[in-house]
Every structure is written in structure tokens, then in C-alpha cells.
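Accompanying notes for the structure given below.
We did not get these values from a lab; they are worked out from the coordinates using the rules stated. Computed from a predicted structure; not experimentally measured. Don't worry about glycine lacking a Cβ; one is built from the backbone with ideal geometry, like all the others, and counts go over all protein chains shown.
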Amino acid sequence: MNQKVHILGFAGSLRRQSYNKAILAAAVETIPDDASLEVFDLEGIPPFNQDLELQPSDKVKEFKARIRAADAILIATPEYNYSIPGVLKNAIDWASRPYGDNAFDGKPVAVMGASIGTLGTARAQYDLRRSFVFLNMLPLNQPEVMVSFAQDKVDSNGRVTDEKTRKKIRELLESLVAWTRRTKLGEEIETRKLAA
């Protein structure tokens, strides 16, 4: 896998001035040269209804297509009530349904999160990682990016100004690129073995 690694990123928040959208924007600014990062906005994905899972909205179809086209996924999650926000869980439910049509299957994934508290979305990230098990995703374990006291690290224009935070985001991206190349290489080796 010598071409650029294409990453799809999305934030589990709809708020215009979201700190998690801000750290996603910082990821776009600090993406390594051997990768690209496309950001998808979850605004407009309807509430999941299993009666409609075989006739998803155009926004859901687009989301699933973008996931499938990506080499890896980057999720920026807020923490609401000790867990992931409903907006994010809803989007994940749509993209993984109907059963047998899970767009996330086998995708390398990295998580980061920002909050105004001291734990920087640690509990939300843990819950999200539990979902990755059923989704059959390949989560990057380290580095962990949990941005605490985000209000002091993001300016009024939504730009991450804290250099330590920007550096951690860059490290996460570099590790995700390396992890993606490693998992894709493993897939190629297995494919060659089966073809031999």
C-alpha cells in the first residue's frame, strides 16, 4: 500500500462551535503528507428506525459510501452523561445496518475527544471502543487523545491553539496511518496466500 491513506473523520456533535469539530479541524491541518483526511458532518442523519433500514435516506447512503471508500476512520467524540452522544450512536447504527451490511467491517479506526471537564471524554471513548468489537473494527490503542479543559485550548474561531494538543493529534494521525498500512499489508499477504 504505497498510495496515500484516505481517512474519513466525523465528530459526534452537531453544535457549530463544537470542541470536537475543532479538534477534527486541527487534524485536517496536521495530517501527514502520506495521508488525506475528509470530514463528514452527521447533520441530517435521521433517527434510526429499523422499519426503514432497507430504504435509508440519501444522507445515510452517502455516509455509508464514504465509510466504504475510506482506508481508515477517525472519530472525535464528546462525552454526554458518561457515554457517547446519541447523534454518534445513531450514525453508527445506521452505518452498520441492516445486519450483514456493516460499512465499518474491518476498518482501522482511531478515537479522540474533547470536553470541558478533567477526563477529556475517557468514558465515552471506552464505550465507543466496546462498540468497535461488534462492528469488527480494528481500533488503534495508542496514543490516546483526551483533550481536557477544551475551552482553554480552542479559540473563539474554533481553532485549537494549544500546541501540545495539536502535537498529540498529529501523533494520533501518524499512528493511524502506520496502523492502516500494517493492517492492509496483512490483508494483502492473506489474499496472496489464498490465491497461491
For this session: Please give, to one decimal in nm, the separation of the simple spin-label points placed at ARG15 and GLU171, each 7 Å out from Cα toward the Cβ.
Result: 2.6 nm
Problem set entry | CD proxy at 222 nm, helix term only [per DSSP H run n ≥ 4: -39500 (n - 2.57); per residue of the chain; nearest 500] | -13500 deg cm²/dmol
For this session: Could you name the lysines whose alpha carbon sits less than 29 Å from that of LYS153, not counting residues in the same chain fewer than 8 places away?
Result: LYS21, LYS89, LYS164, LYS167, LYS168
Exercise. Each label point is 7 Å from the Cα along the Cα-to-Cβ direction; what then is the distance between the points at ASN81 and LYS4, in nm?
Worked result: 4.0 nm
Exercise. Beyond 29 Å, what share of the Cα-Cα pairs of the chain remains, rounded to the nearest whole percent?
Worked result: 21 percent
For this session: Grab the Cα-Cα distance for TYR126 and GLU188, subtract it from 0.36 nm times how many residues apart they are, and report the gain in nm with one decimal.
Result: 19.3 nm
Problem set entry | Other-chain or far-sequence residues with amide H under 5 Å of ILE73's (modelled H) | LEU8, VAL109, ALA110
Exercise. How much of the DSSP beta bridge set in segment 5-195 is antiparallel, as a percent to the nearest 5?
Worked result: 10 percent
Exercise. Based on Cβ point charges of +1 for Lys and Arg and -1 for Asp and Glu, what charge dipole magnitude is obtained for segment 5-195 about its Cα centre, in debye rounded to the nearest 20?
Worked result: 220 debye
For this session: With a point put 7 Å past each Cα toward its Cβ, work out how far ASP41 is from THR161 in nm, to one decimal.
Result: 2.5 nm
Exercise. For GLU144 and ALA69, what is the calculated FRET efficiency with R₀ set at 30 Å and r taken between the beta-carbons, to the nearest 0.05?
Worked result: 0.65
Exercise. Using a Gaussian network model of the chain with C-alpha springs under 10 Å, which one of TYR19, TYR99, TYR82 is most mobile by mean-square fluctuation?
Worked result: TYR99
